[in-house]
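Read the structure below first, then the notes.
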Amino acid sequence: MARLFSWKTISSQQLLKDKWIDVRADVCEKPDGSIIEPFYVYRFPDYACALAITKDGKVILERMYRHGLGITGVELPGGCVDAADASPAVAIARELREETGYHFETIEYLGHISPNPTTNTNLMHMFLAKGGEFDPLQPLDVEEDVETFLVTMDELVNLLQTQQFAQSMQVTALFFALQKLGRIIVQ
Amino acid sequence: MRDLRWKVLSTSYVYENKWFHARADSCELPDGRIIEPYFVVELPDFCNTIVVTKDEHIIMVRQYRYPIDQTTYELPGGVIEKGEDPAIAALREMREETGYISNDIEFLYKAAANPALNINTAHFYLVRNAEPSGKDQPDELEDIDVVRFSKTEFIRMLQENKFQHGVQIGGMYAAMIRLGWLNYP
């Protein structure tokens, strides 16, 4: 029988908060009455990313510097779901336009996961975008300092197998997308 | 390829206690912009293990996750102690959390948990031929239930997105491919 696990929040103290980060230390009471103090919680906005494929079957990837770990790795296009975005689907269409300059014929929802339920409050929404066409008139978001490049589907799988993707949660999104495309099958 | 790295102009710790190390960096971007402060939270590396028994069942743990107020099915794992071999940590966490033992362990891959804000890396392992030790009991204080899934049930749950931990799902797929249970056609 499933036990009850829920914790009660007794108090909450903000430790860090700015444009990029929001960390608080909570005091929590467990079902057996014991107290956990402190428990650190990271509050992030929801996040969306996509495996984005062009009309001629190429995959759009990005190189980006990540200062926490100090690495420049390969990533899927994506970004935060802003308050102004009506839905995660609207957010990913906007991020794809602003980061890559491509518009897509279809953007299919692959579901959501928690980036890290041990510490984070937010969700990651995963998408498969197809039929991408480059729009030379689309203004790009230069603030983000992102370098985009195109690879074939085989090169994508090779990048995945050789651990070139920087973020573990994007590895998860990639596997879901490859499964949707029939590029991972049950034996 | 352009050099996209930031230059660190200065760094200082704003929190430095047992469970929480946070520093404020002053950073210069390639185009000369300054970001100050840029907070980095220094978390320890951790390991997660896909544990497969002799009769092809997967051993997982069910636990409560306070930040999302949900109870999740997750891979056994935990923090790698300072100086500890990640594979040894994986076997130790498996034993402590599930009571299963095995020496048949292989490395799958490692990737950052959140490279934008954190410095830690998740290490994934596949353990085969796991069996209950009979003597090690899962730590009661950890509030963990040990659960067993058949091969078919696990693959179905994975494909239907029933596991919530985004860092770990990539490791689960990698293990399924290593085992030959899933394949690139």
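The values are calculated or read from the model by the stated rules, or taken from the named source; none is laboratory data. Because the structure is a prediction, the values reported are computed rather than measured. Here the Cβ is made from the backbone with ideal geometry for all residues, glycine too, and neighbour counts use every protein chain on show. Ligands, DNA and RNA are stripped out before the accessible areas are found, and what is left, the full protein with its side chains, is counted by its heavy atoms. Shrake-Rupley method; radii C 1.70, N 1.55, O 1.52, S 1.80 Å.
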Unit charges on C-beta of K, R, D, E only; dipole of the protein assembly as shown, Debye: 560
Ratio of the Cα radius of gyration of chain A to 2.2 N^0.38 Å, where N counts its residues: 1.18
Surrounding net charge for A:Gly101, when Lys and Arg each add one and Asp and Glu each subtract one, Cβ distance under 11 Å: -4
Charge context of B:Phe107, other residues only, Cβ under 14 angstrom, K/R +1, D/E -1: -1
Rounded to 10°, Cα long-axis angle of helix A:88-100 versus longest principal axis of chain A: 50
Helix B:86-98 axis, angle to chain B major axis (alpha carbon atoms, nearest 10°): 50
Positive-end residue of A:Val59, A:Tyr47, A:Ile10, charge dipole of chain A with Cβ unit charges: A:Ile10
For B:150-161, mean number of other protein chain Cβ atoms within 10 Å: 2
Accessible area that becomes buried as A packs against B, both chains, 1.4 Å probe, Å², nearest 100: 6000
Charge-dipole axis of the range A:41-130 as Lys and Arg at +1 and Asp and Glu at -1 on Cβ define it, positive-most pick from A:Thr106, A:Pro117, A:Ile71: A:Ile71
Charge context of B:Pro185, other residues only, Cβ under 15 angstrom, K/R +1, D/E -1: +1
Solvent-accessible area per residue, Å², over the range B:69-165 with all protein chains present [probe radius 1.4 Å]: 47
Lys, Arg +1 and Asp, Glu -1 on Cβ, resulting dipole of the range A:9-108 about Cα centre, debye, nearest 20: 260
Other protein chain Cβ atoms within 10 Å, averaged over every residue that makes up A:38-44: 4
Dipole moment magnitude, nearest 20 debye, chain A about Cα centre, only Lys, Arg, Asp, Glu C-beta charged: 700
D (Stokes-Einstein, µm²/s), Kirkwood Cα radius, the range B:20-80, 0.890 mPa s at 25 °C: 159
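Tell me the carbon and sulfur percent of the accessible area for the protein assembly as shown, rounded to whole percent, probe radius 1.4 Å.
On the protein assembly as shown, the fraction of accessible area on carbon and sulfur atoms equals 51 percent.
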In Å², nearest 10: area of B:Lys7 left accessible to a 1.4 Å probe: 120
Alpha carbon centroid spacing (whole Å) that separates the range A:44-89 from the range A:100-131: 8
Top positive-direction residue, dipole computed over chain B with Cβ charges, set B:Asn48, B:Thr71, B:Asn161: B:Asn161
